[in-house]
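Peer 1: Below is the structure I would like to discuss, written out as structure tokens.
The values are calculated or read from the model by the stated rules, or taken from the named source; none is laboratory data. If you're wondering where the values come from, they're calculated on a predicted model, not measured in any experiment. We place every Cβ from the backbone using ideal geometry, glycine too, and count neighbours over all the protein chains shown. Ligands, DNA and RNA are stripped out before the accessible areas are found, and what is left, the full protein with its side chains, is counted by its heavy atoms. Shrake-Rupley method; radii C 1.70, N 1.55, O 1.52, S 1.80 Å.
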2 protein chains.
Amino acid sequence: MAGMRIPLDRRGDRAGRPPLARQIQVHIERLISQRLLAPGVKLPATRELARDLGVNRTTVALAYDELVAAGWARAHVGQGTFVADQAPAALETPRPAAPRFDWTGFLSKSAQVIAADARRRQGYSRVPRPAPGLISFAGGMPDSGLFPTDAFRRVLNRVIRDEGRELLQYYPARGYAPLREYLAGYLLRFGLEARPDEILIVNGSQQGFDLIARTLLDPGDFVAIEQPSYPRAIQVFRAFGAQLLPVPMVDGGLHAESLERLLERQSPKLVYCQPSAHNPTGLSMPAPVRQRLYEVAARHRLPVVEDGFDGTLFYGERPPAPLKALDRAGLVVYIGTFSKILFPGLRLGWIVAAPELIERLEMAKDLSDIHTSPLIQAAVYHFCRQRLLDRHQARVLREYARRRNLLLAALAERMPDGVSWTTSQGGFSLLVTLPESMDAVVVLERALAHGVAFTPGNAFFVDGGGERTLRLAFSAVPAAQIDEGVKRLAESIREARRQPERIVRDRQPAVPLV
Amino acid sequence: MAGMRIPLDRRGDRAGRPPLARQIQVHIERLISQRLLAPGVKLPATRELARDLGVNRTTVALAYDELVAAGWARAHVGQGTFVADQAPAALETPRPAAPRFDWTGFLSKSAQVIAADARRRQGYSRVPRPAPGLISFAGGMPDSGLFPTDAFRRVLNRVIRDEGRELLQYYPARGYAPLREYLAGYLLRFGLEARPDEILIVNGSQQGFDLIARTLLDPGDFVAIEQPSYPRAIQVFRAFGAQLLPVPMVDGGLHAESLERLLERQSPKLVYCQPSAHNPTGLSMPAPVRQRLYEVAARHRLPVVEDGFDGTLFYGERPPAPLKALDRAGLVVYIGTFSKILFPGLRLGWIVAAPELIERLEMAKDLSDIHTSPLIQAAVYHFCRQRLLDRHQARVLREYARRRNLLLAALAERMPDGVSWTTSQGGFSLLVTLPESMDAVVVLERALAHGVAFTPGNAFFVDGGGERTLRLAFSAVPAAQIDEGVKRLAESIREARRQPERIVRDRQPAVPLV
């Protein structure tokens, strides 16, 4: 708060101006009422402010006394004067009105696309935040109740102590070398061989999509995309001006034959898919389908963006090796993340690609934000190196498998006739399909009234479609609530079938769609 | 390392295949020699690997024994088998050759621009990393020797303990609310009034440039830019396809009259400038010039991107309030960062803009990387709230002022005739201009031979120009080395004047240009 500037009119009473103390008081009142000064903030010491403003110290003290008397501030002897926790309900003193600059005409095409997309999504799939009594299958995120927070805290504390100075300075864009070396070994578990120079550290999968899109896509380019698919990937490709060409899923993954037919008519710049732990269906592409897909892509020289989600989160049989493991030519770009198995809040992921492409992606990363926090990278590296990730993985996999099994059992028991769903083999969710002519958005409105939430499926489809589908994420729902949640959902579906009209509801804050 | 996959040919000896143990051994040797398994990595337990591969445990043990015998691994009784720290100089066994995919034809226009820019810059301003005996004025970064690492460690440790679970989960894109409230108060010190809903948290200034560019610029748009200017901002605007229109600096800042003349002929989408602590010159735009610039921009409805660098780093007179403080219409976008005053490695900065623009920038941020790590945001918030930033600020400002004064004194004493320089009023650097017809790149080659480094100034100029200039950053040079560094520089300038031809040098790893 040191160095606050308050414009003072020093002409004094004779010019009809309020005294200086009053001017200071009014200025600070306005700052508080506009929340420019937050509750609890310490005001500058009277001596300091007096010096900065070039006034007598008693003038400032007088202003502060008035602020305290009116309830705007509180004084603590020996500590100073603080903004009150509850400001008095003063008359709002809005800042002087000026013709506001209208940004609408200044937005880039990309910004316009993003906004249109956001509006469309808000129109149909705004899901409320967790609230007491609400069972939410909407999340798609790991359960923070399972986080190994304390173990991570200890590792992080140690890392700053040992390497803090280097890790808090600027750092090369490619990432913390020991983490990239660790990842080379970690990826072998999935059958994926990657040298450290084929790995770029990024801020979660999301930045992976972004860097790939800006490095490969020009406005008007086509992108082939598995349907249904991850909405945030769809949004990124669109934001870079791409036209999306959906390819249906058959047998648990993108249908290679449909892709091949599409390639006879169109020349997409890349194809995007999630062969394992597919979001939203939870399905895994069988090995022969992966092989066929890779062959089609290689034959047509079509780059493949393979979103790995998290290869360690599988239920039952282990998924086949990633497409990237088949990739002798170097046309697959693999994206991985620690957001699902560890902490989303760290924003830590990686891209595996041919070295010449990694070099380009690294330049884009360098211009985007210079580098990912090396402190976070080093902490996760040491967490992994101490086998704490392995231990955590085993623990959460058991718990997520349990929740997935409970969900499948409850669906089998409670869903009305005509409702079907995918048998999730990995990841955090599955996709439910409602009977003909039903609409998941209508069901959501009923469901919220019954205290259960989910994500309507149309978010996962390109340009409409999927209205009959909905995603249930089981990862963040306590096991004890799953059956009750499905019971409420079944009831909501029955109700929506009887009364299919929409209910108008107030908008509420939404959860991020992941 | 759990779950390593090794493809085995189980037809056995009769088919002429090596025994399984040998196949396992050869596979792991290849992984090690290709650095897919890094030195020190623990190999899977024999029991685990045997189970994963469906072979007898003794088969795996036999393979491991051979690896140890050949020096590829070392065994520690009771702990397991580890990749050796020094792999034997085995014959390189490259992966089977395949026609490599050629990415060149697949790159976006943006990627091509970025690469061309990077090549051009490498051609003239690659500056070596700090080395023993080298006095480097090249950095442009805070001195990590002054970092309050330990105080930050304690705050971070406390934050994870108290709020870890929420801070490690997904988070709203706009940022940690208490930090945005704190910033509202912090910015008042610079005379800047911003409500929390006018502030977006980003990954350092760099992501600020990126989000602004993608939200406002389409390929072919014009951007007016102060010259000289910050190279990374230049690069970002170019990467989004903008054409740059340089506007000269006069009287310590962008020349409003030149801008106005430019606006008669061209319609740039925005103007970019650094009114305080200008990088590279260290100059500060005087208040009347700020006022004129703002008036020109407002009259022409020209958005202003004001890079605040760090308003607390000034020497001598305090700089006037930012342009954003004059901005009643809401057309100034202000970028701030903690990278200069605290830690670059955290990647933490902010944008202040009109709420309707902040909303658009937030959508772009959401698609770029969802959000900035809330853990880092909360730690910095608590660090600030405990007044640790204020204390640190006072301390480093004293030290940087001392170094700046030493540099100015040494230049005055030692520079040959005809050399001039800016009197840095803020930030980390100043700009030296060499006599007519000299070239800073030639001087750099001589300087490196004498053990002193700097950044050639052409990096700060759009499309050539500035060949006679060079940037000296004093922030990361210990006070005791400054005079000696300037002495060496003076000698290098004299030498280059006598022998102006270039020396060909080996390429060395470079420092990031900030």
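Peer 1: Answer yes if at least one residue in the range B:244-252 is within 12 Å of another protein chain (Cβ to nearest Cβ), of a type outside the set (A, V, I, L, M, F, W, C) and open to solvent by 10 Å² or more (accessible area, probe 1.4 Å), and no otherwise.
Peer 2: no
Peer 1: Quick test for you: out of B:LEU434, B:LEU430, pick the one residue that is of a type in the set (A, V, I, L, M, F, W, C), farther than 27 Å from B:GLY145 by Cβ and modelled with pLDDT of 95 or more.
Peer 2: After applying the criteria, what remains is B:LEU434.
Peer 1: Would you check if A:ALA184 is free of Cβ contacts under 8 Å to residues at least 24 places away in the same chain, facing chain B (nearest Cβ under 8 Å) and closer than 30 Å to B:PRO7 by Cα?
Peer 2: yes
Peer 1: Please tell me if B:LEU179 is crowded, with 23+ Cβ neighbours inside 10 Å and more than 8 Å from chain A (Cβ to nearest Cβ).
Peer 2: Criteria met by B:LEU179.
Peer 1: Answer with yes or no whether B:PHE147 is open to solvent by 10 Å² or more (accessible area, probe 1.4 Å), at pLDDT 95 or above and facing chain A (nearest Cβ under 8 Å).
Peer 2: Against the criterion (open to solvent by 10 Å² or more (accessible area, probe 1.4 Å), at pLDDT 95 or above and facing chain A (nearest Cβ under 8 Å)), B:PHE147 qualifies.
Peer 1: Out of B:GLY345, B:GLY336, B:GLY308, report the one residue that is closer than 27 Å to B:ALA378 by Cα and free of Cβ contacts under 8 Å to residues at least 12 places away in the same chain.
Peer 2: B:GLY345
Peer 1: Restricting to the range B:146-185, name every residue that is touching a helix residue (DSSP H, G or I) at 6+ places or on another chain (Cβ under 7 Å) and over 30 Å from A:MET141 (Cα atoms).
Peer 2: Answer for the range B:146-185, where residues must be touching a helix residue (DSSP H, G or I) at 6+ places or on another chain (Cβ under 7 Å) and over 30 Å from A:MET141 (Cα atoms): B:LEU146, B:PHE147, B:PRO148, B:THR149, B:ALA151, B:ALA184.
Peer 1: Same structure, new question: Say whether the condition of being open to solvent by 30 Å² or more (accessible area, probe 1.4 Å), in contact (Cβ under 8 Å) with a residue 40 or more places away in the chain and part of a helix (DSSP H, G or I) is met by at least one residue in the range B:466-482.
Peer 2: Yes: the range B:466-482 contains one or more residues that are open to solvent by 30 Å² or more (accessible area, probe 1.4 Å), in contact (Cβ under 8 Å) with a residue 40 or more places away in the chain and part of a helix (DSSP H, G or I).
Peer 1: Looking only at the range B:187-208, count every residue that is part of a helix (DSSP H, G or I), closer than 21 Å to B:PHE343 by Cα and at the interface with chain A (Cβ under 8 Å from one of its Cβ atoms) and tell me the total.
Peer 2: The total comes to 3.
Peer 1: Filter the range A:311-321 for residues that are open to solvent by 10 Å² or more (accessible area, probe 1.4 Å) and not in a strand (DSSP E or B) and give the result.
Peer 2: The answer is A:GLY311, A:THR312, A:TYR315, A:GLY316, A:GLU317, A:ARG318, A:PRO319, A:PRO320, A:ALA321.
Results for (1) within 21 Å of A:LEU179 (Cβ to Cβ); (2) away from chain A (no Cβ under 14 Å); (3) of a type in the set (D, E, K, R), shown as yes or no for each residue.
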residue: B:GLN34; (1), (2), (3): yes, no, no
residue: B:ALA38; (1), (2), (3): yes, no, no
residue: B:VAL41; (1), (2), (3): yes, no, no
residue: B:ASP52; (1), (2), (3): no, no, yes
residue: B:THR59; (1), (2), (3): no, yes, no
residue: B:TYR64; (1), (2), (3): no, yes, no
residue: B:ALA69; (1), (2), (3): no, yes, no
residue: B:PHE82; (1), (2), (3): yes, no, no
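Peer 1: I've got another one for you. In the range A:278-310, what count of residues is obtained for those that are acidic (Asp, Glu), over 19 Å from A:PHE222 (Cα atoms) and modelled with pLDDT of 95 or more?
Peer 2: Qualifying residue count for the region: 1.
Peer 1: A further question follows. Taking the condition part of a helix (DSSP H, G or I) and either surrounded by fewer than 23 Cβ atoms within 10 Å (Cβ to Cβ) or at pLDDT below 95 (or both), does B:GLU166 pass?
Peer 2: yes
Peer 1: If you scan the range B:287-299, which residues turn out to be surrounded by 16 or more Cβ atoms within 10 Å (Cβ to Cβ) and of a type outside the set (Val, Ile, Thr)?
Peer 2: B:ARG290, B:ARG292, B:LEU293, B:TYR294, B:ALA297, B:ALA298
Peer 1: Let me ask something additional. Conditions first: (1) at the interface with chain B (Cβ under 7 Å from one of its Cβ atoms); (2) open to solvent by less than 50 Å² (accessible area, probe 1.4 Å); (3) modelled with pLDDT of 85 or more. A:ALA173 passes all but one, so which condition is the exception?
Peer 2: Answer for A:ALA173: the failing condition is (1).
Peer 1: Return the residues of the range A:158-184 that are among the charged types (D, E, K, R) and in contact with a Phe, Trp or Tyr (Cβ under 7 Å, 6 or more places away or on another chain); say none if nothing qualifies.
Peer 2: A:ARG165
Peer 1: Could you please find all residues in the range A:1-17 being open to solvent by 50 Å² or more (accessible area, probe 1.4 Å), over 42 Å from the mean Cα position of the chain (by Cα) and either at pLDDT 75 or above or under 29 Å from B:ALA394 (Cα atoms) (or both)?
Peer 2: Result: A:PRO7, A:ARG10, A:ARG11, A:ARG17.
Peer 1: Determine, yes or no, whether A:GLY316 is under 28 Å from A:SER475 (Cα atoms), touching a residue at least 60 places away in the same chain (Cβ under 8 Å) and more than 10 Å from chain B (Cβ to nearest Cβ).
Peer 2: yes
Peer 1: Only one of (1) under 20 Å from B:GLY133 (Cα atoms); (2) more than 28 Å from the chain's Cα centre (by Cα); (3) open to solvent by 20 Å² or more (accessible area, probe 1.4 Å) fails for B:ALA412. Which number is that?
Peer 2: Condition (1) is where B:ALA412 drops out.
Peer 1: Within the range B:71-79, is even one residue part of a helix (DSSP H, G or I), at pLDDT below 90 and of a type in the set (S, T, N, Q)?
Peer 2: Within the range B:71-79, not a single residue is part of a helix (DSSP H, G or I), at pLDDT below 90 and of a type in the set (S, T, N, Q).
Peer 1: Strands (runs of 3 or more DSSP E) wholly in the range A:330-443 with at least 3 residues that are within 12 Å of chain B (Cβ to nearest Cβ) - which ones?
Peer 2: Those strands (runs of 3 or more DSSP E) span A:332-337.
Peer 1: Now a separate question. Please verify whether A:PRO280 is farther than 28 Å from B:THR104 by Cβ and either open to solvent by less than 10 Å² (accessible area, probe 1.4 Å) or within 14 Å of chain B (Cβ to nearest Cβ) (or both), treating the condition exactly as stated.
Peer 2: Taking the combined requirement at face value, the residue satisfies it.
Peer 1: Separate question: Working only within the range B:213-240, note down all residues that are touching a residue at least 60 places away in the same chain (Cβ under 8 Å) and either more than 10 Å from chain A (Cβ to nearest Cβ) or touching an Asp or Glu at 6+ places or on another chain (Cβ under 7 Å) (or both).
Peer 2: B:ALA224, B:ILE225, B:GLN227, B:PRO228, B:SER229, B:TYR230, B:PRO231, B:ALA233, B:ILE234, B:GLN235, B:ARG238
Peer 1: Against the conditions (1) aromatic (Phe, Trp, Tyr); (2) outside any strand (DSSP E or B); (3) closer than 20 Å to A:ARG385 by Cα, where does B:TYR64 fall short? Just the number, please.
Peer 2: Status for B:TYR64: all satisfied but (3).
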